[in-house]
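Down below is the structure, laid out as structure tokens.
The values are calculated or read from the model by the stated rules, or taken from the named source; none is laboratory data. Everything quoted here is computed from the prediction, not taken from an experiment. Quick reminder, even Gly has a Cβ in these numbers, built from the backbone with ideal geometry, and neighbours come from all protein chains shown. Protein only, heavy atoms only, side chains kept; ligands, DNA and RNA dropped before computing areas. Shrake-Rupley method; radii C 1.70, N 1.55, O 1.52, S 1.80 Å.
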Amino acid sequence: MSQETSRTTANSHEPAAPLKVLVVEDFEDTRFLMRLELEKRGFRVVEATDGEQGVGYAASERPDIILMDIGLPQIDGIEATRRIRADSSMRDVLIVALTAHHETEYRAQALAAGCDAYLTKPVDFDWLIDLLGRLLP
Ligand code: CA
């Protein structure tokens, strides 16, 4: 069994319910890898394959964290983030934008749309977990 994800913040004394991560990513291999790496570290993972579905799952699945690819079919990750943030019940969900290395021009847009952080792929998962530990309430 995978170990429970331990928060490195002040909440670490609480019995840790596994945090739920919504991965919004259109590329299947990347989704698979992200699920594998996140589950290994004790997270629960829900996957969405495009921006529209990401917005829908954000509302229905109530994840703690959303890993939002920017380059997505239908609506992109920037628009999806805007729509998620427009719902007042989802203002506090942690959203981390992910882009390919050559797409760094989206950084400012992603942050303006409401992303809490911005990472380029390939993802360094230990670094990501460390970042989440610092960003989570
Ligand atoms: Ca993509």
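What the table below lists for this structure:
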read-out: Accessible area of the chain divided out per residue, in Å², using a probe of 1.4 angstrom; value: 53 Å²
read-out: Residues of the range 27-57 with amide N under 20 Å of a point placed 7 Å along Cα→Cβ from residue 74; value: 27-32, 35, 45-57
read-out: Residue of 58, 113, 17 that the Gaussian network model of the chain assigns the largest fluctuation, springs spanning Cα pairs under 10 Å; value: 17
read-out: Choice from 103, 39, 47 with maximal GNM fluctuation in the chain (Cα, 10 Å cutoff); value: 103
read-out: Residue-averaged 222 nm ellipticity for the chain, from DSSP H runs of 4+ at -39500 (n - 2.57), nearest 500; value: -11500 deg cm²/dmol
read-out: Net lengthening on full extension, residue 101/residue 135 (0.36 nm per residue, minus Cα-Cα); value: 10.0 nm
read-out: For residue 118, distant residues with modelled amide H under 5 Å away; value: 97
read-out: Globularity ratio of the chain, using Cα Rg and 2.2 N^0.38 Å; value: 0.97
